[in-house]
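This report refers to the structure that appears directly beneath it.
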Amino acid sequence: MQTALHFASLLTPAGWQRDVTVTVRDGLIASLTPGRAAGAESHGAGLPGLPNLHSHAFQRGMCGLTERSGKGRDSFWTWREAMYRFALSMSPDDVEAVAAQLYVEMLEAGFTRVGEFHYLHHDIDGTPYADRAEMAARIAAACAATGMNLTLLPVRYAQGGFAGAPAQGEQRRFLSTLDGYADLWSASARVVAGLAGANIGAAPHSLRAVAPQDLAAVAALAAGRPVHIHVAEQMREVEDCLAWSGARPVEWLLDHAAVDSNWCLVHATHMTAAEAAGMAERGAVAGLCPVTEANLGDGIFDGPQFTRAGGRFGVGTDSNVSVGAADELRQLEYSQRLQERARNVLSEPGCSTGLQLFQAALDGGARALGQARSGVVEGAPADLVSLDTANPAVAGHGAGTLLDVWVFGGKSLIDCVWTRGAKRVSNGRHVGRDAAARRFSQTMRHLLE
Ligand code: NGQ
Ligand code: ZN
């Protein structure tokens, strides 16, 4: 099947090009040709879809439920208790309904691939489902229903804290032995093999949740595929890691794990200059989730330190408390501005900050999700977004400032979204929005009853 899409402006690795037709064959970009090919559908500005490198789909159902404090000081750790309780309330049907709504929202917001850091594996009493990959299959079903590209990251979770601290009862749905995890991973790989556009990696949850000897075993399963881990998000985690090992979390990881460019260190909020330089040198991607990091009170990633060292980053929506590609890029830059008391922190002098943030997150996100070809180039998947250049928000603007309006203006400019060449969003609305919303609403009503 072949389709042709014409863009008045198209963002390619070489920058904006004017008046280009993209020919799509079998879900891939077959060619880019100047001018408008006969029969091509016309659009204003075209961009590659952005990868969302870190999501816990089920947490989308918690939006609005944790925004009041208890008696003491509220923190990441009190939020986590609430999250555990919520996780214990969800059936496979609930997870599928919430994930489908989430992926509709992600596609409408410009994300075309999701790295699903998936750890809600087992039944409510902690026993594995008859099909170990039951929950992974529900995530895959939500992707199939919405057209979202999936990078599934099955998570190993083994202990409650550093030094083999026992797991809490509330963590029972997440836990696996090493053999159990190997089975889960193989079953998940079969699920992924049956889903168009999907791939798989492996994810030791964190240094808190996985012991050193197991970390290597989990990474070995990935064998050249993406390896994702949460690291150095909270100061308490840094302190506990120091007490346990004498080293800081990123420092420990660089010294004891084969961290390379297949690795994504999620958050990596609290790093010294030496850790940032070491991480950059190994080519690992920083998985920044600025909206969630703000929501959870994690701290501020040191962007200048990491980018000066040549580090690569991508963005993720993590807890999915709100869902937007532009929102993550804006929050990232704003956190840097507040920290540095400066403007346009994450861009080169004279360059569009919106464009530079976008291109960095595209490159880092694709790398972290195991995509060899990304962006609008021949041979890459046709994962595309069009912006509505007739919107008054961009009146008078050329391509040179378009992404600055999109990232900083907070207006929804997205018109159409394609994944693997198929149009999933038209006029800003996912084609399956109503069906997903109906099912999601029913689910939320019974979960919040
Ligand atoms: C998660 N979320 O796995 O959902 C974690 C909380 C933990 C973030 N780290 C659990 N943002 O880290 O122990
Ligand atoms: Zn996370």
- Message: Suppose a student asked you for the relative contact order of the stretch 252-358, using Cα pairs under 8 Å spaced at least 6 residues apart; what percent would you report?
- Response: 24 percent
- Item | Extension gain, residue 32 back to residue 170 (0.36 nm per residue minus Cα-Cα distance, nm) | 44.5 nm
- Note on the structure: In a Gaussian network model of the chain with springs linking alpha carbons closer than 10 Å, the residue among 280, 140, 247 that fluctuates most is 247
- Query: Which FRET efficiency value, to the nearest 0.05, is calculated for residue 239 and residue 429 with the Förster distance at 41 angstrom and r the Cβ-Cβ distance?
  - Reply: 0.30
- Note, the stretch 31-37: 3J(HN,Hα) by Karplus (6.51, -1.76, 1.60, θ = phi - 60°), whole Hz, Gly/Pro = x, goes 7, 10, 10, x, x, 9, 5
- Largest to smallest principal axis extent of the C-alpha atoms in the chain, angstrom: 64, 47, 44
- With springs only between Cα atoms under 10 Å apart, run a GNM on the chain and tell me which of 294, 133, 268 wobbles the most. 294
- Note on the structure: Within the set 423, 71, 411, GNM on the chain using Cα springs under 10 Å gives the largest fluctuation to 71
- Message: Restricting to DSSP loop positions (anything but H, G, I, E, B) with no more than 11 other Cβ atoms inside 10 Å of their own Cβ, which GluC sites (Glu not before Pro) remain in the stretch 1-99?
- Response: 67
- Message: Going by amide H atoms built from the backbone, whose H comes under 5 Å of the H on residue 156, apart from near neighbours?
- Response: 203, 205
- Message: Tell me the mean residue ellipticity at 222 nm calculated for the chain from its helices only (DSSP H runs of n ≥ 4, each -39500 (n - 2.57), averaged over every residue, nearest 500).
- Response: -11500 deg cm²/dmol
- Task: Provide the per-residue ³J(HN,Hα) series for the stretch 151-157, in order, calculated from phi with Karplus coefficients 6.51, -1.76, 1.60 and θ = phi - 60°, each as a whole number of Hz, with x at glycine and proline positions.
- Result: 10, 8, 10, x, 9, 8, 9
- Message: If I take every Cα pair under 8 Å that is 6 or more residues apart in the stretch 80-220, average their sequence separation and divide by the length, what percent do I get for the relative contact order?
- Response: 27 percent
- Taking Cα pairs closer than 8 Å and at least 6 residues apart, the relative contact order of the stretch 308-410 in percent is 32 percent
- Item | Hz values of 3J(HN,Hα) by residue in the stretch 220-233 - Karplus curve (6.51, -1.76, 1.60), Gly and Pro given as x | 5, 4, 5, 6, x, 8, x, 10, 10, 8, 6, 8, 6, 8
- Given the peptides 302-315, 141-154, 213-226, arrange them by the average over their residues of other C-beta atoms within 10 Å, most packed first. 141-154, 302-315, 213-226
- Task: For the stretch 60-110, just say rounded, prolate or oblate: build the C-alpha gyration tensor, square-root its eigenvalues into a ≥ b ≥ c, call rounded for a/c under 1.5, and beyond that prolate if a/b exceeds b/c, oblate if not.
- Result: oblate
- Message: Along each principal axis of its Cα atoms, how long is the stretch 126-273 end to end? Whole angstroms, biggest number first, please.
- Response: 45, 33, 24
- Query: Of the peptides 230-240, 28-38, how do they stack up when ordered by the mean number of other Cβ atoms within 10 Å, highest first?
  - Reply: 230-240, 28-38
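Only the coordinates and a few stated rules stand behind these numbers; no lab work does. All values derive from a computational prediction rather than experimental measurement. Note that each Cβ is placed from the backbone with ideal geometry, even for glycine, and that neighbours are counted across all protein chains shown.
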